[in-house]
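For reference, the structure is listed below as structure tokens.
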């Protein structure tokens, strides 16, 4: 009985922490939001920008590299390891999940798999990345795509489910993403 009670207390504390980070996500100051996110366990590299309204699940499993931008209303799932590289541009309302229900399990239990987003990746608005996916360096995920399988380096994918629709010409990116908008 104590084990079950202890698990429930731990779950409530985590829910409270995630709620505080959600509320902090609407403070119109990058500095203040980054402070709260780092206190919650999110690893954030130098020069990275996290816009307003980001939703985290288990933030201590999330790592964001340097000079990356995370758009408004994005969902970042840390129920397993989520690694986002350097110079990554994640647009508005992208959802990156690493946990899902096993629809064939009689108890409908959840399974988790880590997600890795390589350096210089661009993920368009409202794209969805599902558990276990690796998005290779320089890849592009088109707006609204649902990525269910790994994306090779410098490939452009789109659609539901995402399929290869092109390839990036620049195979040696060296750009910096620039400054964040002040009140986003």
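Only the coordinates and a few stated rules stand behind these numbers; no lab work does. Just so it is clear, the model here is predicted, and its values are computed rather than measured. Glycine gets a Cβ as well: all are built from the backbone with ideal geometry, and neighbour counts include every protein chain shown.
For region 22-50, which residues satisfy the criterion of being in a helix (DSSP H, G or I) and buried (at least 21 other Cβ atoms within 10 Å of the Cβ)?
Taking region 22-50 first, the residues in a helix (DSSP H, G or I) are 22-24, 30-39.
Scanning region 22-50 gives 33, 37.
Residue check: is residue 161 in contact with a strand residue (DSSP E or B) (Cβ under 7 Å, 6 or more places away or on another chain), surrounded by fewer than 14 Cβ atoms within 10 Å (Cβ to Cβ) and more than 15 Å from residue 85 (Cα to Cα)?
Considered against the rule, which asks whether it is in contact with a strand residue (DSSP E or B) (Cβ under 7 Å, 6 or more places away or on another chain), surrounded by fewer than 14 Cβ atoms within 10 Å (Cβ to Cβ) and more than 15 Å from residue 85 (Cα to Cα), residue 161 comes out as yes.
Residues that are touching a strand residue (DSSP E or B) at 6+ places or on another chain (Cβ under 6 Å) and farther than 16 Å from residue 95 by Cβ within region 46-60 comprise 48, 49, listed in sequence order.
If only residues of region 164-179 that are over 12 Å from residue 140 (Cα atoms) and surrounded by 12 or more Cβ atoms within 10 Å (Cβ to Cβ) are counted, the one that is farthest from the chain's Cα centre (by Cα) is 173. If the condition is being under 12 Å from residue 22 (Cα atoms) and surrounded by 21 or more Cβ atoms within 10 Å (Cβ to Cβ), then region 59-84 contributes 59, 74, 76.
Return the total of residues in region 51-75 being farther than 25 Å from residue 173 by Cα and part of a strand (DSSP E or B). Quick ask: steps written out before the conclusion?
First, pick out the residues of region 51-75 that are farther than 25 Å from residue 173 by Cα: 52-61, 73, 75.
Next, only the ones that are part of a strand (DSSP E or B) stay: 55-57, 75.
The qualifying residues number 4.
Here residue 87 clears all of (1) at positive phi; (2) under 11 Å from the mean Cα position of the chain (by Cα); (3) touching a residue at least 40 places away in the same chain (Cβ under 8 Å) except the condition numbered (2). Entry remark, region 98-125: residues being surrounded by fewer than 18 Cβ atoms within 10 Å (Cβ to Cβ) and assigned to a loop (DSSP other than H, G, I, E, B) number 11 in total.
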